[in-house]
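Only one structure is covered here, and it is reproduced in the block below.
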Amino acid sequence: LTREEVERRRKEHRAKFEVAEDVWTSIVLPRPDNPLVLLDRKREELKSLAKELDDVVARIAAIEQTESLDQVTGTKRPRE
């Protein structure tokens with residue numbers, strides 16, 4: 001694309017999709033009462049999710065180990 005084409009497209013997109021300034025300046029985003037409490041809550045949530053991930057990884061490893069043992073011994077377990 002030439003520089004002129006890029007500029008033309010940019011102007012078209014701006015005209016088509018740009019939000020008026022009075023609209024976006026009137027948007028009020030909520031602010032947390034205490035950002036430190038929110039941060040602590042998010043840290044606890046992260047710890048909880050990390051523990052859950054570790055549990056899932058351990059369960060997958062156990063399933064894979066069981067399947068590899070079944071292949072070695074030649075036994076087949078019915079699917080659950």
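Computed from the coordinates by the stated procedures, all read-outs in this text should not be read as laboratory data. Quick caveat: nothing in here was measured; it's all calculated off a predicted structure. Note that each Cβ is placed from the backbone with ideal geometry, even for glycine, and that neighbours are counted across all protein chains shown.
Given the convex hull over the Cα atoms of segment 1-40, what projected area results after averaging over all orientations, in nm²?
Orientation-averaged projected area of the Cα hull: 5.4 nm².
What does the chain give for Rg and for Dmax, in Å, if only its C-alpha atoms count?
Using the Cα atoms of the chain, the pair Rg, Dmax is 27.6, 72 Å.
Among residues other than Glu5 whose Cβ falls under 14 Å from its Cβ, what is the net charge (Lys/Arg +1, Asp/Glu -1)?
+2
Which residue, chosen from His13, Pro30, Ser48, occupies the Cα position most advanced towards the positive end of the dipole of the chain, where the dipole is computed from +1 (Lys, Arg) and -1 (Asp, Glu) charges on Cβ about the Cα centre?
The one lying farthest along the dipole's positive direction is His13.
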